[in-house]
1. Here is the link list: LYS130/LYS320; LYS25/LYS130; LYS4/LYS338; LYS40/LYS130; LYS4/LYS331. Which ones come out longer than 20 Å on Cα distance?
2. Carbon-plus-sulfur fraction of the accessible area of the chain, 1.4 Å probe, in percent?
3. From the phi angles alone, apply the Karplus equation (6.51, -1.76, 1.60; θ = phi - 60°) to the stretch 35-43 and give each ³J(HN,Hα) in whole Hz, x where the residue is Gly or Pro.
4. Please turn the phi angles of the stretch 122-135 into ³J(HN,Hα) values with the Karplus equation 6.51 cos²θ - 1.76 cosθ + 1.60 (θ = phi - 60°), one per residue in order, whole Hz, x for glycine and proline.
5. With +1 assigned to the C-beta of every Lys and Arg and -1 to the C-beta of every Asp and Glu, and no other charges, what is the dipole magnitude of the stretch 140-267 about the Cα centre in debye, to the nearest 20?
6. Let me know the shape class of the stretch 233-293, please: from the alpha-carbon gyration tensor, a ≥ b ≥ c as square roots of the eigenvalues, rounded when a/c is under 1.5, otherwise prolate if a/b is greater than b/c, or oblate.
7. Dipole size in debye (nearest 20) for the chain around its Cα centre, Lys and Arg Cβ +1, Asp and Glu Cβ -1?
8. Return the calculated 222 nm mean residue ellipticity for the chain, to the nearest 500 deg cm²/dmol, obtained by summing -39500 (n - 2.57) across DSSP H runs with n ≥ 4 and dividing by the residue count.
Amino acid sequence: MSFKRLETDDFVISADAITGVCWDKGVTTLTNFFTSSIQKASTSGDYYLNVTDGPPSSLSESIQFAIAYGQKDGSGSIPFNSDLTGKSPTKTIYGQYRTMINEDENTDFAFGDFVSTEFYALSIDRSRFKESLLPGSLNLHISGALCPIHLTDNSKDVASSTFIGSNRVFQLVSGSNGSAFTDSNIFTNGFSKQSGSYGWFLPDTGLILLNATALSASAAGGGCGLPVTREVNSNATNNEVLFNAISASANFQLNSQETITSDFVFVRPRSSEFNYSGNPSYISGSTGEVVYNDFIDNPQTFITTVGLYNDTNDLLAVAKLSKPLIKDFTKESLIRVKLDF
């Protein structure tokens, strides 16, 4: 075993983005949507609705995303206590997402220039993506009473990302594949004519926030007439309303991405290095002489393994060569070790 200190120019760092489908079973477009009556009737059903890609009775079904409705004043759901008006699941949902996204409990949600007191949240199941969702891959079709709407993020229309708190955010617009439709009669840069953008796309947290006010507007205002219930003390089914609208369109496209960071280490055995073996069988145990004279004038070794050590001689990584590499005074080698993180 021989050692050599690596220099700064022996290290090169590279990062590659790897994309893949988001949905289970490798499908690029989610077309089948199911919910469970058991989950809907449980306590969690007051807050969100899990959506699967197969019937609940099927062993192959898995959760793809969840739908939640949040309202600032607690409208659209029954209060926890009849004596405390407004303290309800929809208010809890609103406050939860406000703290998580805005990182400030005293702020509201501004979709474009429109400040909204309500939203739908599509929370992509964490097992569906590794690092983040892929901007530009979102295509969500929603069917309403008046017309369908095709939504995407505006990542290809903006020069740089916008951050809200520490969250990277893109506006949801009427369009496809990351670009907005142009229709001055209804849309302005893909925004609804009366209620701002159609929501937010947060790729790093796996969230899609839909502007419920924009969706419930008339077709002339850029909406699809989604029947959102906003009555106080009403056990509304807004989660089911959006589920039915998404299910009827049967078109939800979304991809994920992951950045793989690779550290390349270049190990360079020079002609004068690593030509002698440290194997004790090469040395006579009684005289301490080299057993074979050829090893004195014409030594040869075979490199099979590269070990990477720190300054305290702790072995950190091991690289195995595909086949032994012969080494003598007439040869120099270059071995590239790739470490993925």
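The values are calculated or read from the model by the stated rules, or taken from the named source; none is laboratory data. Please read all numbers here as calculations on a predicted model, not as lab measurements. Note: ideal-geometry Cβ built from the backbone for every residue, glycine included; neighbour counts use all protein chains shown. With ligands, DNA and RNA removed, areas are computed over all heavy atoms of the protein, side chains included. Shrake-Rupley method; radii C 1.70, N 1.55, O 1.52, S 1.80 Å.
1. Violating the 20 Å Cα-Cα cut-off are LYS130/LYS320; LYS40/LYS130.
2. 50
3. Couplings: 10, 10, 5, 5, 5, 5, 7, 7, 4 Hz.
4. For the stretch 122-135, the Karplus curve yields 9, 9, 5, 4, 4, 6, 7, 9, 8, 9, 7, 7, 8, x Hz.
5. Details: 4 positive and 8 negative charges, 60 e Å.
Charge dipole, the stretch 140-267, about its Cα centre: 280 debye, nearest 20.
6. prolate
7. Magnitude of the dipole: close to 500 debye.
8. Helices in the chain give a 222 nm mean residue ellipticity of -2500 deg cm²/dmol.
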